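Have a look at the structure below, then the notes.
The values are calculated or read from the model by the stated rules, or taken from the named source; none is laboratory data. All values reported here derive from a predicted model rather than from experimental measurement. All Cβ positions, even for glycine, are placed from backbone atoms using ideal geometry, and neighbour counts span all protein chains on display.
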Amino acid sequence: MHIPTRRLGLILAGTGAIAAATPALAHHSFAMFDMAKEQTVTGTVTDFQWTNPHSWIWLEVPNAAGAGEQWGVEGMSPNFLERRGWSKNTLHRGDKVSVVIHPVKNGGHGGSFVRVTLPDGKVMDMMGGAGPVYPPATPAPKS
């Protein structure tokens, strides 16, 4: 069977594009999180990992019996967060914070980060919140 050169090229290009996109889709899947639910957990920051490809907030959260449980909260990349007003110094070990998450579907101690209330009451959102404040546009001079 003979496949015309043009058609073969299109088939190979399409296959290559699909193969290249597959790892990106797998990496960025949020399937493990219940994106329809939000849960607030309050605890003490034990670590804030300002790392690529995703940042992590690790918290010690008291359970119903008062014992501390380790929670892991996955956030966006440092580059993404920095454009929204974050820095590697936004959270510190020992900070008492409340974090809103999309919880993991299996009921484990973790989730996808939505926003955090810092010890001083400032709220930092993952997707936009307390990012840099830009001055309003200057109106054009009237002629």
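Data table
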item	result
Subset of the range 93-143 that is of a type in the set (Asp, Glu) and in contact with a strand residue (DSSP E or B) (Cβ under 8 Å, 6 or more places away or on another chain) - its residue that is modelled with the highest pLDDT	95
The range 105-125, residues that are in a strand (DSSP E or B), hydrophobic (A, V, I, L, M, F, W, C) and either in contact with a Leu (Cβ under 9 Å, 6 or more places away or on another chain) or buried (at least 18 other Cβ atoms within 10 Å of the Cβ) (or both)	113, 114, 116, 124
The range 56-92: number of residues that are touching a strand residue (DSSP E or B) at 6+ places or on another chain (Cβ under 6 Å) and either part of a loop (DSSP other than H, G, I, E, B) or of a type in the set (D, E, K, R) (or both)	6
